[in-house]
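> The structure is given below, and queries will be raised subsequently.
The values are calculated or read from the model by the stated rules, or taken from the named source; none is laboratory data. Note that the structure is predicted; figures quoted are calculated from it, not measured. Ideal geometry is used to build each Cβ from the backbone, glycine not excepted, and the neighbour counts take in all protein chains shown. For the accessible areas, the whole protein counts, side chains as well, though only heavy atoms, and no ligand, DNA or RNA atoms are used. Shrake-Rupley method; radii C 1.70, N 1.55, O 1.52, S 1.80 Å.
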Amino acid sequence: MADTHIAGAIEAILMVVDEPVAPADIAAALDVPAPQVIDTLHALRDEYAHPDRPRGFELREVEERWRIYSSRVYADAVGAFVVDGQSARLSQAALETLAVVAYRQPVTRGQVSQVRGVNVDSVMKTLAARGLVTEVGEVSGALQYGTTTEFLERMGLGSLDDLPELAPYLPDLADIDGEGR
């Protein structure tokens with residue numbers, strides 16, 4: 001398969017996926033070596049990000065999986081189009097709760113409540129319903145939560161390692177009384 005044909009085939013696949021796809025899955029579909037797919041993905045990402053030709057989309061890697069997203073540069077325009085006046089923003093309480101989960105995961109609802117100083121049950125349900133947090137385990141009978149791939153995608157992060165430094169300002173979970181029940 002010629003390089004331009006592979007690039008076109010990869011673009012076509014990326015246009016129809018609902019979530020990021022692994023290079024190995026693309027390679028299997030195209031019957032080409034995974035390293036060739038990875039090289040092509042990097043080349044496409046760089047081509048789309050070329051400063052002389054701003055695009056309305058970008059190719060991003062999230063947890064070693066790839067997907068085409070609308071460009072962050074045009075987030076306001078896309079938001080206005082998609083939302084069309086509806087409130088899709090998270091409340092301040094939801095943002096604060098999401099930050100605690102992101103930086104301290106895995107964490108129980110009780111632990112998040114203790115960090116925030118308020119009950120977060122309904123906020124956690126909202127975040128779970130929006131696909132931003134999910135149950136990741138259990139400790140002493142309490143469910144533990146963590147962020148999802150959807151969270152990484154919406155925040156434009158490749159992994160949790162890309163989160164800005166904030167953790168030093170949050171208390172250690174060991175310092176929180178009651179183990180979060």
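> Name the residues in region 96-149 that are under 22 Å from P20 (Cα atoms), outside any loop (DSSP other than H, G, I, E, B), out of contact with any Leu (no Cβ under 6 Å at 6 or more places or on another chain) and open to solvent by 50 Å² or more (accessible area, probe 1.4 Å), would you?
A129, T134, V136, T149
> From the set of residues in region 27-65 that are of a type in the set (V, I, T) and not in a strand (DSSP E or B), which is farthest from L157 (Cα to Cα)? Give the steps one after another, and end with the answer.
So in region 27-65, the residues of a type in the set (V, I, T) come out as 32, 37-38, 40, 62.
Then keep just the ones that are not in a strand (DSSP E or B); that gives 32, 37-38, 40.
Details: V32: 28, V37: 22, I38: 19, T40: 21 Å.
Restricting to residues being of a type in the set (V, I, T) and not in a strand (DSSP E or B), the top hit is V32.
> Which ones in region 128-142 are closer than 14 Å to Q105 by Cα and either among the β-branched types (V, I, T) or touching a helix residue (DSSP H, G or I) at 6+ places or on another chain (Cβ under 7 Å) (or both)?
L132, V133, T134, V136, V139, A142
> Also, I was wondering about something else. Taking region 9-33, which residues are loosely packed, with under 14 Cβ neighbours inside 10 Å and closer than 17 Å to R45 by Cβ?
A12, M15
> Residues of region 46-55 being open to solvent by less than 80 Å² (accessible area, probe 1.4 Å) and under 18 Å from G8 (Cβ atoms), which ones?
First pass over region 46-55, keeping only residues open to solvent by less than 80 Å² (accessible area, probe 1.4 Å): 48-49, 55.
The answer is Y48, R55.
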